[in-house]
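Everything below concerns the one structure shown next.
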Amino acid sequence: MKKIILIIALTFVSELSLFAQWAALNSGFNAEISNIVKIGNEILVSTKSNGVYYSGDETNWEQRNSGLANLKVYAMESENGELIAGTYGGGVFFSSDKGVSWTAKNTGISLPYIYSVEKSGTDVFAGSGGFGMYGSTNSGDSWSVIYPSTYLVNEIYKNNNKIYAGVGPYILRSTDNGVIWNPVVTSNTTILKIRTIPQPDETDHIYVAGLDAFYYSLSNGVSWVKKNIGGTNDFTIYGNNIFAATSGGIFYLSTDLGVNFSSINDNLPNPTEIKAILIDGDYIYAGSTTGIVYKRKLSDLITGIDDFAQAQPSFFQLMQNYPNPFNPTTSIKYFLPEQQFVSLKIFDILGNEVTTLVNENKPAGNYEVEFDANNLSTGVYFYQLRAGNFAETKKMLLMK
């Protein structure tokens, strides 16, 4: 009887250990991963030499490069199911069918070495390697130079009505959709990635991956804190948590928005250098230099996932709905650091109010609301959170 109990206990512990670790979803694409995106339950991975890979079940993979004339995909983003890819030497490509077919759109792009892309509706931005930033207001049908520079533009990032760009050692900001660019800071490093958290006073907390370290500013870019965790390839923010992948092969986690970092390399093969990070639902994905995609439950790494409502946020934030695209229900999470009257509304593509999900006083905390679009037709919708002076709007896609 003791032996049976021992065997059961050991089996249970073994299963827990397997579950609480990084799981490889493939054997490797033999190419460095540049980006990971999810469209619903489907995953697409861009690489710097083999183009784009697709999986509908995270087990079986296929290349999706039809029409992709250049397989050096240095950047790839997704907005409401549409993909945009920036290639090294082939310019910009678009796909509306999850990578099954790609269409080049490069009219006006004279230097087709693209390091970064960003899409917001019909507005598209592309950062080049030596000719500055290109902008398009018609979904990439035509382009014009919106900021000339001989530096590499490794990052273009839009959050609400502000656009940030990493141009060599410079961080630039535009509040008029890229017409005028103002310097935020001149650094002593190359800027690789930028993310912001909007504040109620319309300033931003700014977080930056640099070639030599990780940086953040809580003063709209006036003063900066440097964290010497090494050159930062990629990072992502989830609530109070920051996941950061470094060039030294160490994967870091901060649970206090960058003040302190600790390694979470456990169970990752050594050495493993992570180049791309994605959080989707309750999971985190990581792509490596060798083309392996890893996956792990967030609750293995940070607290407050299983007891989401009890975690105490330190800033206002509206999360991307999940899943997206969706049919017919999706979840929307938002963070309140203090008690406020909260309004969460849904709008259609024309700006007409569809429904109100929340319209009441709420104490500080983390919240999750389900939106049921069973009576709505397929299309793009917007959801807007207002809490005191804070306001943020995000886009979602209903596909029936």
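Nothing in this text is a laboratory measurement; each read-out follows from the coordinates by a stated rule. Here the structure is a predicted model, which is why all the values come from computation and not from measurement. Cβ sites come from the backbone with ideal geometry, for glycine too, and all protein chains shown count toward neighbours.
Observations on the model:
- Projecting label points 7 angstrom from Cα along Cα→Cβ for N161 and E202 puts them 0.7 nm apart.
- Label assignment, Cα Rg over 2.2 N^0.38 Å derived from the structure, set (i) 1.42; (ii) 0.99; (iii) 2.45: (ii)
- Inter-site label distance for T137 and V369 at 7 Å from Cα along Cβ, in nm: 3.3
- Once the chain from T150 to S314 is taken as fully extended at 0.36 nm per residue, the excess over their C-alpha distance is 55.1 nm.
- Dipole of the range 30-300 [Lys/Arg +1, Asp/Glu -1 at C-beta], most positive-end residue of F261, G231, F125: G231
- Distance in nm between pseudo-label sites at D57 and T355 (7 Å out along the Cβ direction from Cα): 3.3
- Whether the range 169-232 is rounded, prolate or oblate, judged on the alpha carbon gyration tensor where a/c under 1.5 counts as rounded: oblate
- Added length on full extension, which subtracts the Cα-Cα distance from 0.36 nm per residue, D348 to T122: 79.7 nm
- Relative contact order of the chain, pairs being alpha-carbon contacts under 8 Å that are 6 or more residues apart, as %: 11
- Taking packing as the residue-averaged number of other Cβ atoms within 10 angstrom, the listed peptides 252-264, 144-156, 354-366 run from highest to lowest as 144-156, 252-264, 354-366.
- Note on the chain: helix-only mean residue ellipticity at 222 nm, from DSSP H runs of 4+ residues weighted -39500 (n - 2.57) and normalised by residue number, equals -1500 deg cm²/dmol.
- Listed by chain and number, the aspartates and glutamates placed with their C-alpha closer than 16 angstrom to that of K345 are E353, E360, E368, E370, D372, E392; residues fewer than eight positions away on the same chain are left out.
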